[in-house]
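In what follows, a structure is listed as C-alpha cells, so that the remarks can point back to it.
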Amino acid sequence: RSRWLGDVYKRQELDASDAASTTFVDLTGSTGLALYGRLELPMNLWVAVVTAATLDENGGGSCPGGCGNHFGDTITLADAWACYWLPWSDFVQTSAEGTGYRESDFRQVAAIEFHPVSPSDGFDFWLDDVAILWDVAVDGA
C-alpha cells in the first residue's frame, strides 16, 4: 500500500517539542507523509498518528478510556533506500470502535510513531527526510 514518491513539492515541519506539556499540531489540509527508509531485512512498520482523541488524558490527550487506537498504516521497508508516500486516506483505526474521525482528529496531532509489526531479536531501520506533505498530488495515489 505504500507508493513511490518522485518529487516532494512542499514540506512542513512537525514541531511538537515542548516537553513541559503536550503540544498539538494542526495537519488540516495536509495530504500525507513522505519518507525515505531502509531496513537490513524486509520488515513491516506500523506508522501511527497520535491525536488528542486517541491519547490518554494522563498523557495530555482527551481520550477518557480505551485509548491508543491511533490512526495507522503499515509499510514494508526494503533493504535499499527508497522513498515512500503514505496518504492520510490510508490511515485507519484498528478497532471498529474508533474514537473519532480522521479529518477532525488531525487538527490535534501530538506525534507520529513508527513501530515494527513483528520485531525480531535484533534489527536496525533507518528513516530520513520524514515530511508532512501539503497540497501534493502524487500520480497513482
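Every number in this text was worked out from the coordinates using simple rules, so none of it is lab data. This is a predicted model, so every value here is computed, not measured. Because the Cβ atoms are built from the backbone with ideal geometry, glycine has one as well, and the counts that use them run over all protein chains shown.
Length gain on complete extension for the stretch E113 to T23, per 0.36 nm per residue less the alpha carbon to alpha carbon distance?
Value of the extension gain: 30.9 nm.
Can you tell me the order of 69-78, 52-61 when each peptide is scored by its average per-residue count of other Cβ atoms within 10 angstrom, highest first?
69-78, 52-61
For Q108, list long-range residues whose amide hydrogen, built 1.01 Å from N in the peptide plane, is under 5 Å from its own amide hydrogen.
Distant-sequence amide H within range of Q108: L27, A52.
With r defined as the distance between the Cβ atoms of A80 and E57 and R0 fixed at 41 Å, what FRET efficiency is calculated, to the nearest 0.05?
0.45
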